[in-house]
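Engineer: Supplied in structure tokens, the structure appears directly below.
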Amino acid sequence: MTQMMAPLYAEGEVPRYARHIVLREIGGPGQARLKRASVLIVGAGGLGSPVLLYLAAAGVGRISVIDDDRVSESNLQRQVIHSQDRLGMAKVQSARIALAGINPHVAVEPIESRLDAAGAAGLVAGKDLVIDATDNLATRHLLNRACVAARKPLLSGAISQWEGQLTLYDPARGAPCLCCLFPQIPAEGLAPDCAAAGVMGALPGIIGATMAAEAIKELTGAGRSLRGRLLLHDALWGESREIAVMRNPACPVCGGTHGDSE
Amino acid sequence: MATLDILYFAWLRERIATPRETVDTAAQTVAELIQELSAQSERHAAAFADLASVRVALDQVLADIAAPLAGAREVAFFPPMTGG
């Protein structure tokens, strides 16, 4: 070594992570992994709100967030990262302000744009984890293709009215990709979005906070991941199910790509 | 005849208006079960009208619509959710 390594943490930063560091499954090494981690979060809406808030609070070092939407009044019933005084502001800028207020030691990269095929590869590159918190299946599939190509794990959550689902897509490590599990996009009108169908305000909190927990687990190596497991949660009837899901060897997205992987 | 617990998620539950029901059936495959269920009511028929994006799990393991029921106790139908 010809020069000193830059310190990992800013002066005075470590005490805020004390409750993580005492956890056996995270500890000092796990907290350092969070600090060194770089994640991409697609969507700063209902699911993105708790994911962003908890990952920034947890001390994830670098957080990129992409969304092209602006904060509107009908968002505030569930998108708790935004606020009345930021109505009309780009959601990624509103999120940046909220995150800076929670943890100024996180490097937040706000990207005010819609994810497209041309940009997805560049955004996914170099990330330790990609998080799908978007609101439409076309973008979900586009992001899935980029993650499969780059061999990145994709933590994906989705909600509808009173229900949510989440899993960790990762064909490079034995789990299915989105297209293995849901190869067909539903016909128009079958799966209405939140604006058309409504959504219970706390639901993205339940699913999004679970996504944040799974992200922390994945980045630190704690516990058992959601690879190969789809969680379905019905908040109206209090039903939860875990479905074992597997790769489709004939999947048009990942079928030939990772055939030799573990 | 076998007694099965049937679970519905997202728009299937929305259309059938219940999250679960118990049925007695002689169906041998998921596809036959769907035919029987669809004949039960207009709500069921509407829920199963477009199966292209619907997935099924037998005893909490992903399966194909063509799969044999083969002694399964629980059949769950779920589509992809979109919202975020």
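Engineer: Based on the mean of other Cβ atoms within 10 Å per residue, sort peptides A:142-148, A:243-249, A:41-47, B:39-45 so the most packed one is first.
Structural biologist: Top of the packing list down: A:41-47, A:142-148, A:243-249, B:39-45.
Engineer: OK, next. Classify segment B:1-60 as rounded, prolate or oblate from the Cα gyration tensor: take a ≥ b ≥ c as the square roots of its eigenvalues, call it rounded if a/c is under 1.5, otherwise prolate when a/b beats b/c and oblate if not.
Structural biologist: rounded
Engineer: Next question. Treating the Cα atoms of the protein assembly as shown as identical point scatterers in vacuum, please give the log10 of the normalised Debye intensity I(q)/I(0) at q = 0.12 Å⁻¹, two decimals.
Structural biologist: For the protein assembly as shown, the Cα-only Debye profile gives -0.86.
Engineer: In which sequence would A:Leu137, A:Leu154, A:Leu236 go, from the one with the fewest C-beta neighbours within 10 Å to the one with the most?
Structural biologist: Final ranking by Cβ density, sparse to dense: A:Leu236, A:Leu137, A:Leu154.
Engineer: Right, here's the next one. If each DSSP helix of 4+ residues adds -39,500 (n - 2.57) and the sum is divided by the residues in chain A, what number results at 222 nm, nearest 500 deg cm²/dmol?
Structural biologist: -9000 deg cm²/dmol
Engineer: When Lys and Arg each count +1 and Asp and Glu each count -1, what net charge do the other residues less than 15 Å away from B:Gly84, Cβ to Cβ, add up to?
Structural biologist: Taking every Cβ under 15 Å from that of B:Gly84, the sum is -3.
Engineer: Under 8 Å for C-alpha pairs, at least 6 residues apart: give me the relative contact order for segment A:106-262, rounded to a whole percent.
Structural biologist: 25 percent
Engineer: Note down the magnitude of the dipole of chain B about its Cα centre, charges +1 on Lys and Arg C-beta and -1 on Asp and Glu C-beta and zero elsewhere, to the nearest 20 debye.
Structural biologist: Its charge dipole is roughly 200 debye.
Engineer: Let me ask you something else. Net charge around A:Leu154, counting only other residues with Cβ within less than 13 Å of its Cβ (Lys, Arg = +1; Asp, Glu = -1)?
Structural biologist: Summing Lys/Arg as +1 and Asp/Glu as -1 gives +2.
Engineer: For chain A, what is the relative contact order in percent, using Cα pairs closer than 8 Å and at least 6 residues apart in sequence?
Structural biologist: 19 percent
Engineer: For every other residue with a beta carbon closer than 14 angstrom to the beta carbon of A:Ala98, add +1 if it is Lys or Arg and -1 if Asp or Glu, then tell me the sum.
Structural biologist: So the environment of A:Ala98 carries a net charge of +1.
Each value in this text was obtained by applying a stated rule to the coordinates, not by laboratory testing. Keep in mind that what you see is a predicted model, and the values were worked out from it rather than measured. With ideal geometry, Cβ positions are generated from the backbone for all residues, glycine too; neighbour counts draw on all protein chains shown.
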